[in-house]
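Asks: Pasting a structure here, questions to come.
Every number here is computed from the coordinates shown, using simple stated rules; none is lab data. Because the structure is predicted, anything quoted here is derived from the model rather than measured. Here the Cβ is made from the backbone with ideal geometry for all residues, glycine too, and neighbour counts use every protein chain on show.
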């Protein structure tokens, strides 16, 4: 479904999941007034400035941990193929260009169908397409400053959906290990000093790798800390 304005595409699709919608149900909005980013942040976009969409997946619980990684990689694939833009991924799935945020992906779990062993996963995608100004302190970038003509929102969404299907097929064949190699090659921040705000508070250390379960591994004070959830801040590079 396509709407001119909504509070949150995530909320629309989460409700559709609760109502029993099939996989592939999607909400695409021209304007979002109270969208959610990761860690409860607000994602607000004026009309026509961004790709704002959420899509419903119904997949097994064993595949679910890899879905956010597949979604990020799918967008990196599309940006390279369709726009000639080389993008990277900050754990778990912020899409960066030159260390500036171009897009964000949010994965939330909704109740699944009681009779089937599956999870209903709602993937929210926000891509800055024609944003002229960002809030102060936000290190972000808009696609229209990187390419002469950004793709239409429908075209970009369809290309991402196709790339996502390919990445999920790989995930289902080989598990999360089958896509983590590509994710590591696109990673921004691995091998660097980072600050992670996690459930237990703030940790400063060296991001050394991503585990086979998708967790971020950070060495701090001689110990390896494993994060399944958290907000990663990259240290500013000199020069």
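Asks: Rounded to a whole number, what is D in µm²/s for the chain from Stokes-Einstein with the Kirkwood radius over alpha-carbon pairs (4 °C, 1.567 mPa s)? Write down the numbers at each step before the final one.
Replies: Numbers: Rh = 18.3 Å.
Approximately 71 µm²/s, per Stokes-Einstein.
Asks: Say R0 is 30 Å: what FRET efficiency, to the nearest 0.05, do residue 145 and residue 117 get from their beta-carbon distance? Let's see the in-between values first.
Replies: Details: r = 45 Å, r/R0 = 1.51.
Result of the calculation: an efficiency of 0.10.
Asks: Bin by bin, in steps of 10 Å, what percent of the Cα pairs in region 89-209 do you find, going until the bin that has the longest distance?
Replies: With 10 Å bins starting at 0, P(r) equals 10, 31, 37, 19, 3.
Asks: Also: Antiparallel versus total DSSP beta bridges in the chain: what percent is that, nearest 5?
Replies: On the way: 50 of 56 bridges.
Close to 90 percent.
Asks: State the extension gain, in nm to one decimal, for the chain segment bounded by residue 4 and residue 138, taking 0.36 nm per residue of separation less the distance between their alpha-carbons. Write out the running numbers ahead of the final one.
Replies: Values: separation 134, 0.36 × 134 = 48.24 nm, distance 2.60 nm.
Residue separation times 0.36 nm, minus the Cα-Cα distance, leaves 45.6 nm.
Asks: Expressed as a rounded percentage, what relative contact order does region 193-234 have, with Cα pairs under 8 Å and six or more residues apart? Numbers along the way, then the final one.
Replies: On the way: 75 pairs, mean separation 16.9, N = 42.
Worked out over region 193-234, it gives 40 percent.
Asks: Using only alpha carbon pairs under 8 Å that are at least six residues apart, calculate the relative contact order of the chain and give it in whole percent. Please list the in-between numbers first.
Replies: On the way: 485 pairs, mean separation 40.6, N = 239.
In percent, rounded to a whole number, it is 17.
Asks: Where does the chain land at 222 nm, in deg cm²/dmol rounded to the nearest 500, when only DSSP H runs of n ≥ 4 count, each adding -39500 (n - 2.57), divided by all residues? Working shown, then result.
Replies: Details: 4 runs with 59 residues, N = 239.
Helices in the chain give a 222 nm mean residue ellipticity of -8000 deg cm²/dmol.
Asks: How big is the convex hull of the Cα atoms of region 170-239, per residue, in Å³? Don't jump to the answer; show the numbers that get you there.
Replies: Working: hull volume 6.5 nm³, N = 70.
Hull volume over Cα atoms, normalised by residue count, gives 93 Å³.
Asks: Let me ask something else. Using the 10 angstrom Cβ neighbour count as an exposure proxy, how do 8, 215 rank, fewest first? Before the final figure, lay out the partial values.
Replies: Details: 8 21, 215 18.
With the sparsest Cβ surroundings first, the list reads 215, 8.
Asks: Suppose the chain between residue 60 and residue 185 were pulled fully straight at 0.36 nm per residue; how much longer would it get relative to their current alpha carbon spacing? Show your work: numbers first, answer last.
Replies: On the way: separation 125, 0.36 × 125 = 45.00 nm, distance 2.64 nm.
Computed gain between residue 60 and residue 185 is 42.4 nm.
Asks: Let me ask you something else. Taking the alpha-carbon set of region 47-158, what are its Rg and Dmax in Å?
Replies: Rg and Dmax of region 47-158, Cα atoms, are 15.1, 49 Å.
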